[in-house]
């Protein structure tokens, strides 16, 4: 177990060191995402910044930003390592390989959190978005991120086997912006789209976060209404499916000898 | 740092190892076909073969990076399939290609990362990393990122990363590929030092047969996934020596007047004509000498010669191809 945790912390440390090399790229992403939010909220507000709409939009957009960084980051990261030849070297560890991936994703989440905090700070100060923060939002955010991790594991598994999936990852992260209720609440969607949206990884999380942060609901009331239960179910399903699919993909990649291919 | 092996005499035991792939056209490719070999501890073992012979697949199966279709690999007595964790600790590997290490990290960061990856940490790891970087004369540049290093320096760091946990077995897949002469020399010195001074087992694959001949105690040659030779270098070099001759006469190539000398290779050097190659029996040798006498070319010397590894390699591959063709003919006549 000591080896597993050493591998985990080692992986997190490495990813952060490498990310630091790309700090200007990351900063430009923060700027880009901030500018897009300002533009999107201006358009959705039909030429003005509506404070109530801004809060709704802000929560969805920030959760989507997490999704964007982890989805693109993990698939690019695995592909880049396969291309560089270091992916196979990372498998030369006595620790279980899932700890390496977990380390990779936790580092990605840490980097994403720093970027989200920076973007949020700028947006909150710039647009004076009314938002009453609550500790109850934290477990909901963590649950949402757990589901997102599961979803990223599925894409990570696909990357191990097929490698060239950045296009698909890009398409998915953009689709998530429009069909998960990031921009508009799912309740405004047509029935079939709302049903589809609820099967996606961040939709339920965004909804529960809005209930807590905007409507002032408690965790117990969101549990009673079923929305929190939906989020728990969604996250557990994605996390379990992601884990299984990743292990299976790893097995396939080793069987096909494509672990280091690109 | 690394636990003692279970069987100290055999570093690697490969038994009936096979790897087959299904292509997109649904045909089956046998990358490695029923391979069995044993690598004694403390030797430099060369695994040679043309492109696509199955060398890299074999190395990766030894490391557990490719799952074999059948067969078993033991590394210092640990089964790679069932005791992966213990087996991996025995191995340091530099895989084929230019980037086994992180170019965005410094040499120091790379060494610490790969050490921790293998479960070593703290002061012992830092001391070992320092020792390796000093020995490789990279200590002064330890805080520079590897993208600023030359290819030779990067390869040194890759080897240092493979050695950072002091494993008893080192696998080097094409370690001198793309290196300049000076960097290749440093690499060769290191390989010899690892085996002779530190008692490590080194398995290396290479296309550069002169390097294999210079370094290896034992050579295995693979062809189309199969083992066509596995012998100590000295025995391998003697394999065809009885059949090979070198005849030197005074003159130049024009003096031969298109005379035929079977399979002998003919070259001209400093006013001499040198004929080299396999001569099956004494009668043929005398026949060639008589022909040279008829051409009035003064005989300078006749001697048996040791073939070099390259000639043996080519000969074995030719024999292997012929064997396959014979088998094909037998099979087609049976069918």
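Looking only at the stretch B:33-70, count every residue that is at pLDDT 90 or above and either within 14 Å of chain A (Cβ to nearest Cβ) or part of a helix (DSSP H, G or I) (or both) and tell me the total.
Of the residues in the stretch B:33-70, 17 are at pLDDT 90 or above and either within 14 Å of chain A (Cβ to nearest Cβ) or part of a helix (DSSP H, G or I) (or both).
Scan the stretch A:28-42 residue by residue and report those that are over 18 Å from the mean Cα position of the chain (by Cα) and touching a residue at least 40 places away in the same chain (Cβ under 8 Å).
Scanning the stretch A:28-42 gives A:38, A:40, A:41.
Inspect all residues belonging to the stretch B:124-131 and state whether any of them is touching a helix residue (DSSP H, G or I) at 6+ places or on another chain (Cβ under 6 Å), assigned by TED's automatic domain parsing to the domain that holds residue B:46 and farther than 22 Å from residue B:49 by Cα. Let's see the steps before the verdict.
Going residue by residue through the stretch B:124-131, those that are touching a helix residue (DSSP H, G or I) at 6+ places or on another chain (Cβ under 6 Å) are B:125, B:129.
When the remaining residues are screened for being assigned by TED's automatic domain parsing to the domain that holds residue B:46, the result is B:125, B:129.
Checking which are farther than 22 Å from residue B:49 by Cα leaves us with B:125, B:129.
Yes, because at least one residue in the stretch B:124-131 is touching a helix residue (DSSP H, G or I) at 6+ places or on another chain (Cβ under 6 Å), assigned by TED's automatic domain parsing to the domain that holds residue B:46 and farther than 22 Å from residue B:49 by Cα.
Does residue A:83 satisfy the criteria of being out of contact with any helix residue (DSSP H, G or I) (no Cβ under 6 Å at 6 or more places or on another chain), within 14 Å of chain B (Cβ to nearest Cβ) and touching a residue at least 12 places away in the same chain (Cβ under 8 Å)?
Yes, satisfied.
For residue A:17, only one of the following conditions fails: (1) surrounded by fewer than 19 Cβ atoms within 10 Å (Cβ to Cβ); (2) touching a residue at least 12 places away in the same chain (Cβ under 8 Å); (3) within 12 Å of chain B (Cβ to nearest Cβ). What is its number?
(2)
Scan the stretch A:204-262 residue by residue and report those that are within 19 Å of residue B:65 (Cα to Cα) and more than 24 Å from the chain's Cα centre (by Cα).
A:251, A:252, A:253, A:254, A:255, A:256, A:257, A:258, A:259, A:260, A:261, A:262
Identify, please: which residue in the stretch B:93-134 is more than 8 Å from every other protein chain (Cβ to nearest Cβ) and closer than 17 Å to residue B:172 by Cβ and is, among those, modelled with the lowest pLDDT?
Only one residue fits best here, namely B:96.
I'd like the full set of residues that are surrounded by 17 or more Cβ atoms within 10 Å (Cβ to Cβ) and in a loop (DSSP other than H, G, I, E, B), limited to the stretch B:270-285.
Residue satisfying the conditions is B:279 alone.
Scan A:43, A:26 and give me the residue that is within 14 Å of chain B (Cβ to nearest Cβ) and closer than 30 Å to residue A:178 by Cα.
A:26 is the lone residue from the list that is within 14 Å of chain B (Cβ to nearest Cβ) and closer than 30 Å to residue A:178 by Cα.
Please report, ordered by residue number, the helices (runs of 4 or more DSSP H) entirely within the stretch A:1-90 with at least 1 residues that are within 25 Å of residue A:160 (Cβ to Cβ), touching a strand residue (DSSP E or B) at 6+ places or on another chain (Cβ under 9 Å) and at pLDDT 85 or above.
A:2-21, A:86-90
Scan A:112, A:107 and give me the residue that is in a helix (DSSP H, G or I), more than 20 Å from residue A:158 (Cβ to Cβ) and within 14 Å of chain B (Cβ to nearest Cβ).
A:107
The values are calculated or read from the model by the stated rules, or taken from the named source; none is laboratory data. Worth saying up front: this structure is predicted, and the values here are computed from it rather than measured. Don't worry about glycine lacking a Cβ; one is built from the backbone with ideal geometry, like all the others, and counts go over all protein chains shown.
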